[in-house]
Amino acid sequence: MKILGISAFYHDSAATLIDDGRVLGAVQEERFSRKKHDNGFPKASVEYLLDNNGLTISDVDYIVFYEKPFLKLARICRSFLFHYPFRLGAFMRVINSQLNKFRVKSIIKNEFGYKGKVIFVKHHESHAASSFYPSAFKRAAFLTIDGVGEFETLTYGVGNDNKLLFRGNINFPHSLGLLYAALTYFVGFKVNSGEYKVMGLAPYGVPKYKEKILSELIKLEEDGSFKLNMRYFDFTTGGPIINNNFENLFGRKRRMPESELTQDDMDFARSVQEVIEEAVLRMAHRIRKETGEKYLCLAGGVALNCVVNGKILKENIFDDVYIQPASGDAGGALGAALYVWYHVLNNPRVPFSGKKELQDTYFGPSYSENDIKEFLDYKKIPCTHCADIEEKVADLISQGKVIGWFSGRMEFGPRALGARSILGDPRNPEMQKNMNLKIKYRESFRPFAPAVLEEEAGRWFEIDRPSPFMLLIADVRSDKRKVISDENKNLFGIDKLNVVRSDIPAVTHVDYSARLQTVSKEGNGKFYKLINCFYKKTGCPVIINTSFNVRGEPIVCTPEDAYKCFMRTGIDYLALENFLIDKSVQPELKEKEDWRKTFILD
């Protein structure tokens, strides 16, 4: 039985196709439209899934939407009616933004001629299903946290074989996701896009505002329940996420986007990060106590906060934790389909193989060598075919070159995991700054992730388990750290950036942490081989892995996307499967307009 899951009309639209519970494909619309966080109907994603599997829409038994529009409308109307002041213009704007959700059935019928059944699943049911069912746990607690679904902003419960039982929830307007979004907005970053910047900025600050946040903005109970003080927020009635009371509380205005970051901004980032950590940890302890379950599954946008995830593991609240790699709304498409297959249709889960979890997220398009050669020939792009591409690229990285790496099926979710990646040498102390400013065209403070051979991870980082999806933080081991002078220890804020702290300074954050990806032969054999070649050459089993895009651009999807990004940036070489392209011999890329105007900065 084939089920198509769809998420759309908020942010990160996506589609997933499963067959008897097995994932055939999962993709985000932004990769095809080239519009980051595209929230439109994922027509191109659906077309790819059908074409790639040799299917037509009539072969699909059910289409599932990741949310219940009428419940969401009820919450919106209730918020506007019961919160002062009532803003008619804002009300109409919000209602209009929701209308497409009521047209999902007609859109599917009009776009594809679909005559089958369309099912609607609650938002947090989709989140919970997206994490529990792909895990290898027969029983586990689950916790979902985001901005808001229909009413819920947080839910928890127990997954047992093929069923999900919800045990508790917290409802709008009280939301950890929206609290984090408010501080994201306050320090000048884009909501639903820049929250990861706040997480990356936090280690540069001190938590000087933590107590004020806890005393004024949120009432956090010992059991992890909480309430926001709505005196400081306007999002219930369609206004800005924060109001003048918020700014008056902290005695400053919101930082304007793209203006210089101050120590104060860094302190706000650290403060809200610690508040979220404390809230989630308290809730995790509560869930363990209430359910008695040994394992935990996490989903929802807040589950992308890898610092929080790492602390749940570090405190040993649960024996193990599984985190959905596409935890945001894109993953809702997967969860909606799985929820119907298992919970609604009552199908048994596949026999447990002993594997910890879904092993990879390579569910998108791939391109054969013939496809790539056809593109290269058509564009008359100078290149070399390398049977030993992994060996060659490892050698170039060891020489300080930056590589665009395009291999196999594209990843599903926000992280590049070795299919659409930019790679560099983590031992180079200048590499973080250079890659941020000259290649990614983004803020210099943002850290890069290390990709490490799975079997070597414990020798370089304080971690005792795989982290295949780049969703856990682990500290660099003490024997890999450098001695820091007293003068450098006393640096504040962004001045900490250029201090060499370890043998792999380009992936070591200012607090010695790293957002880690462990790479196994089973998960991605070609990427594993590349890192292993680098290890044999250098004695270092770690490379820099960052997403193949520039700031404001979705991760590249096609060979043409990859070539354009390569030519627009300071990347030295591009590897398209086994074809190696040298920047120094390329003709000038001629474009009709400045490509920087194409992408809206995040």
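The values are calculated or read from the model by the stated rules, or taken from the named source; none is laboratory data. The shown structure was predicted, so the numbers you read here are calculated from the model rather than taken from an experiment. Here Cβ is always computed from backbone atoms with ideal geometry, including for glycine, and neighbour counts include all displayed protein chains.
Does the stretch 234-253 contain at least one residue that is within 19 Å of residue 148 (Cα to Cα), among the hydroxyl-bearing types (Ser, Thr, Tyr), in contact (Cβ under 8 Å) with a residue 12 or more places away in the chain and outside the structural domain of residue 493 (by TED's automatic domain parsing)? The answer is yes, given that some residue of the stretch 234-253 is within 19 Å of residue 148 (Cα to Cα), among the hydroxyl-bearing types (Ser, Thr, Tyr), in contact (Cβ under 8 Å) with a residue 12 or more places away in the chain and outside the structural domain of residue 493 (by TED's automatic domain parsing). Checking each residue in the stretch 112-146 for being touching an Asp or Glu at 6+ places or on another chain (Cβ under 9 Å) and of a type in the set (Asp, Glu) picks out only 146. Here 151, 186 are screened, and the one residue that is under 16 Å from residue 235 (Cβ atoms), in the same structural domain as residue 258 (by TED's automatic domain parsing), in contact with a Lys or Arg (Cβ under 8 Å, 6 or more places away or on another chain) and surrounded by fewer than 23 Cβ atoms within 10 Å (Cβ to Cβ) is 186. Scanning the stretch 258-287 for residues that are surrounded by fewer than 19 Cβ atoms within 10 Å (Cβ to Cβ) and more than 30 Å from residue 497 (Cα to Cα) gives 282, 285. Entry remark, the stretch 438-462: residues being modelled with pLDDT of 85 or more and assigned to a helix (DSSP H, G or I) number 8 in total.
Looking at the structure I just gave you, is residue 221 surrounded by 19 or more Cβ atoms within 10 Å (Cβ to Cβ) and of a type in the set (D, E, K, R)? I'd like the intermediate steps shown before the answer.
Working: surrounded by 19 or more Cβ atoms within 10 Å (Cβ to Cβ): no; of a type in the set (D, E, K, R): yes.
No; evaluated as a whole, the condition is false for this residue.
Given the criterion surrounded by fewer than 16 Cβ atoms within 10 Å (Cβ to Cβ) and either within 27 Å of residue 565 (Cβ to Cβ) or among the hydroxyl-bearing types (Ser, Thr, Tyr) (or both), identify the matching residue among 488, 498.
On the way: 488 fails: either within 27 Å of residue 565 (Cβ to Cβ) or among the hydroxyl-bearing types (Ser, Thr, Tyr) (or both).
Being surrounded by fewer than 16 Cβ atoms within 10 Å (Cβ to Cβ) and either within 27 Å of residue 565 (Cβ to Cβ) or among the hydroxyl-bearing types (Ser, Thr, Tyr) (or both) holds for just one of 488, 498, which is 498.
Is it true that residue 54 is surrounded by fewer than 16 Cβ atoms within 10 Å (Cβ to Cβ), without any contact (Cβ under 8 Å) to a residue 24 or more places away in the chain and either over 30 Å from residue 596 (Cβ atoms) or not basic (Lys, Arg) (or both)? Judged against the criteria, residue 54 is a match.
Of all residues in the stretch 295-343, those that are surrounded by fewer than 24 Cβ atoms within 10 Å (Cβ to Cβ) and aromatic (Phe, Trp, Tyr) total 3. So is residue 520 under 28 Å from the mean Cα position of the chain (by Cα), in the same structural domain as residue 429 (by TED's automatic domain parsing) and not aliphatic (A, V, I, L, M) or not? Here the answer is yes, as residue 520 does meet what is asked. Restricting 467, 478, 520, 444 to those that are buried (at least 20 other Cβ atoms within 10 Å of the Cβ) and of a type in the set (S, T, N, Q) reduces the list to 467.
So is residue 106 over 30 Å from residue 230 (Cβ atoms) and crowded, with 18+ Cβ neighbours inside 10 Å or not? Spell out the reasoning first.
On the way: over 30 Å from residue 230 (Cβ atoms): yes; crowded, with 18+ Cβ neighbours inside 10 Å: no.
The answer is no for residue 106.
Of all residues being in contact with a His (Cβ under 9 Å, 6 or more places away or on another chain) and assigned to a helix (DSSP H, G or I) in the stretch 67-108, which is nearest to residue 11 (Cα to Cα)? Just the residue, please.
The first filter runs over the stretch 67-108 and keeps only residues in contact with a His (Cβ under 9 Å, 6 or more places away or on another chain), leaving 67-68, 71-72.
Still in the list and also assigned to a helix (DSSP H, G or I): 71-72.
On the way: 71: 18, 72: 15 Å.
The residue in question is 72.
Return yes or no: is residue 501 without any contact (Cβ under 8 Å) to a residue 60 or more places away in the chain and touching a Ser or Thr at 6+ places or on another chain (Cβ under 8 Å)? Considered against the rule, which asks whether it is without any contact (Cβ under 8 Å) to a residue 60 or more places away in the chain and touching a Ser or Thr at 6+ places or on another chain (Cβ under 8 Å), residue 501 comes out as yes.
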